[in-house]
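Scroll down for the structure; my scribbles are underneath it.
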Amino acid sequence: MTSRRRFFILFFLLPIALCTHCRSRADGYLHASGIYIVEGNGTKIQLRGMGLGGWLVPEGYMLQTSAFANSPTEFRNAVVNLVGAANADTFFAQYRSTFVQRKDIDSLARWGFNSVRLPMHYNLLTSTPGVYLTPGFAIIDSLLAWCEANRLYLILDLHCAPGGQNSGNISDYQGFPSLWESADLQQWTAELWKEIAARYATRTWIGGYDLLNETAWSFSGGNTPLRDLLVRITDSIRTVDRNHMIFAEGNWYATDFSGLAPAWDTNMAWSFHKYWNPNDYAAFQGYLTLRATTNTPLWMGESGENSNQWFTNAIQLMEGYQIGWSWWTLKKIETISAPLSVKKHAGFDALIKFWSGTGPKPTEATALNSLLAQAQLFDAGLCVLHPDMLHAMFVQTKTVARTPWRTNAIPGTIFASDYDMGHAGQAYLDADFENTGGSGGSAYNSGWTYRNDGVDIEACTDAGGNGFDVGWTNPGEFLAYTVNVATTGVYNATLRVASGASGGSVKISIDGTDVTPAVSVPGTGGWQAWQTRITPDFSLTAGTHDLKVHFLTANVNLNRLEFILKGTAVEDVQSAPLEFHLEQNTPNPFNPGSDIRYQISEPSIVRLAVYDLLGRAVAILVNERKEPGTYTVRFDGSGLASGVYVYRLTAGPSVAVRTMVLVR
């Protein structure tokens with residue numbers, strides 16, 4: 001099955017598994033009731049939302065244009081300079097009409113979301129104070145109709161206020177004067193919110209008004225100017241709308257609420273954002289204290305841009321603290337951390353190269369065609385769905401049980417990248433699986449393709465694969481697969497492996513029991529220089545089993561495993577010929593102990609000894625007659641210095657030598 005078809009099937013099957021969250025909601029407006037957000041009949045609601053970032057506020061990192069156009073205005077200017085203003089209008093109209101459609105909102109509802117956060121740019125709604133733009137409000141009207149049809153609450157977020165509420169691209173800041181440096185711009189902002197509220201005052205599926213997204217400004221004397229403007233906007237709204245909730249964000253990207261209390265409205269919530277910090281009580285303590293001391297609800301209005309496991313842990317904590325949330329964001333170009341990944345058109349990639357100074361300038365006609373082609377690719381039906389992200393948000397938050405990524409049958413081929421969906425430590429183990437070090441913290445993924453776990457998956461050139469391999473492996477990591485064995489019998493497995501370094505080793509276990517000795521992976525001369533390694537024969541019984549691939553060392557890339565049925569009699573295992581073989585010790589490097597596994601093919605006097613680099617014997621592990629078979633011996637390096645040691649196996653005329661590293 002192609003990956004495209006598999007994603008297509010999951011796109012329609014996944015909502016069936018997730019719609020346990022769906023329910024009929026009461027009529028009436030969302031509102032605050034003490035520390036809770038409740039529906040019209042007073043029933044508490046756990047808000048689970050998705051932000052529509054990039055739609056009305058195109059951000060450079062979502063479009064891969066950050067190097068030359070990071071803000072919406074910079075991106076529009078780049079387009080205008082290339083194709084002219086009229087053609088730019090044509091492109092942006094196509095972009096907006098394709099980016100979010102009814103089917104996107106239908107999908108959000110099926111997946112289990114019950115709310116949507118809409119980031120708005122003021123310049124789509126108003127051109128000058130008192131002048132309002134029908135096309136911009138028509139976009140909101142259409143979105144609200146789709147939300148109403150799906151019984152989703154729509155929360156309106158002023159992402160870009162006149163002048164910009166921070167000095168970054170996310171508010172489309174263009175320089176002096178900012179929102180905070182102009183009384184006129186603040187008045188314009190309050191008037192815009194009054195107009196918005198007047199239009200939607202009686203619409204019950206409007207969930208509320210998120211007044212200012214991510215203010216980030218150094219105010220002399222504290223956050224009083226922010227509080228004053230938020231109160232002023234609220235007062236403006238309340239002249240026309242006393243029904244809907246107010247969501248008030250703190251300073252410094254919705255993290256600093258000092259000086260904002262007490263609450264100034266009886267129907268409001270504090271809205272904080274959470275990115276790249278640990279998922280523990282300390283991350284929420286200040287917000288929980290704010291909620292308790294002001295008797296006002298909390299709402300986490302933005303989070304994301306991290307691994308699936310981080311998502312799971314964050315949501316579990318927030319729902320445990322009864323905090324509603326909204327994720328960021330629905331779709332981006334070539335992403336693994338959003339539900340939908342937008343493919344990049346070759347023509348748009350050529351435009352990026354031109355804008356970056358690394359490619360030729362296209363003709364106006366070619367550029368416009370490329371822009372329109374890219375706009376079409378934002379259609380959800382042409383995007384790649386990431387079911388692993390949705391699984392992390394709606395399934396992993398409720399259970400530690402694994403869910404197969406695909407049907408893995410034995411006999412057959414299992415692709416390394418198609419391990420089960422589930423928690424770190426259950427479906428996989430990877431040394432780096434989340435970023436809790438803040439913006440610019442350590443990367444949780446090195447491949448950035450296919451899936452959003454800590455497992456490092458990269459594009460793969462190995463013929464016969466699925467286009468991906470698992471790399472950047474470390475000792476102790478593993479991948480887990482639910483497998484269906486069709487026939488009881490004797491099998492062997494071929495592993496497609498590569499190593500650009502000194503090589504390493506892996507092993508396979510079934511239901512917690514090793515079925516193969518360590519499989520040695522040589523240095524193949526490159527991370528995409530693939531070789532086949534064959535395991536000894538082993539027996540499997542028919543049925544569903546838990547298969548794990550264990551990485552015993554670093555420096556192993558794995559593309560796939562193929563399980564081949566050799567016979568249906570268990571006796572075939574005993575009749576399979578044994579060979580003289582010495583495995584790489586595991587673990588390696590080690591401290592202080594390590595296992596050495598070897599195999600002999602005929603009765604022999606066996607000697608296994610360990611030497612230092614001066615040739616001195618530091619341990620005699622075996623020195624006796626052995627029958628044919630496979631043996632494991634434990635070497636204890638306690639008392640020895642760090643360094644490289646040699647171990648040597650002799651059995652009759654056969655000799656094998658390997659090295660190992662003791663690290664204190």
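Structure notes:
- Think of the chain as having a plus end and a minus end, set by charges on the Cβ of Lys, Arg, Asp and Glu; of Gly221, Gly168, His581, His581 sits farthest toward the positive end of this dipole.
- Between Ala138 and Gln46, the modelled label-to-label distance comes to 4.0 nm, taking each label 7 Å out from Cα in the direction of the beta carbon.
- Formal net charge of residues neighbouring Ser33 (Cβ-Cβ distance under 11 Å; K, R +1; D, E -1): 0
- 5 angstrom amide H check on Asn555, placed H, neighbours 5+ away: Thr473
- From its DSSP helices (H runs of at least four residues, each -39,500 (n - 2.57)), the chain gives a residue-normalised ellipticity at 222 nm of -8000 deg cm²/dmol.
- Between 0 and 90 degrees, the angle of helix 102-111 with respect to the longest Cα principal axis of the chain falls at about 50 degrees.
- Local electrostatic count at Ile170 - Lys and Arg +1, Asp and Glu -1, tallied over other residues with Cβ under 11 Å: -4
- Taking Ser601, Ser218, Ser178 and counting other C-beta atoms within 10 Å, the order from fewest to most: Ser218, Ser601, Ser178
- Computed from the alpha carbon atoms alone, the convex hull of segment 404-575 holds 108 Å³ per residue.
- Summed side-chain charge close to Ser71 - residues other than Ser71 whose Cβ falls under 14 Å, Lys, Arg +1, Asp, Glu -1: -3
- Efficiency of FRET between Thr407 and Ala617 - r from beta-carbon atoms, R0 35 angstrom, step 0.05: 0.10
- Note on Gln187 and Lys398: the extension gain reaches 71.3 nm, defined as 0.36 nm multiplied by sequence separation minus the Cα-Cα distance.
- Spacing of the two label points (7 Å from each Cα toward its C-beta) at Arg238 and Ala86, in nm: 5.0
- Ranked packing of 265-276, 73-84, most packed first, by mean Cβ within 10 Å: 265-276, 73-84
- Among 603-614, 460-471, the peptide with the highest mean count of other Cβ atoms within 10 Å heads the list, and the full ranking is 460-471, 603-614.
- For Ala529 and Ser601, the difference between the fully extended length at 0.36 nm per residue and the C-alpha to C-alpha distance is 22.8 nm.
- Among Phe563, Gly464, Gly438 the positive-end extreme of the charge dipole of segment 404-575 (Cβ point charges): Gly464
- Pairwise label distance in nanometres, Ala609 with Glu319, each label 7 Å out on the Cα-Cβ vector: 6.3
- Reported value for the chain: 182 Å³ per residue, from the convex hull of its C-alpha atoms.
Taken together, the values in this text are just the output of simple stated rules run on the coordinates, not laboratory data. Remember, predicted model here, so these are calculated numbers, not experimental data. So basically every Cβ, Gly included, is an ideal-geometry build from the backbone, and we count neighbours across all protein chains shown.
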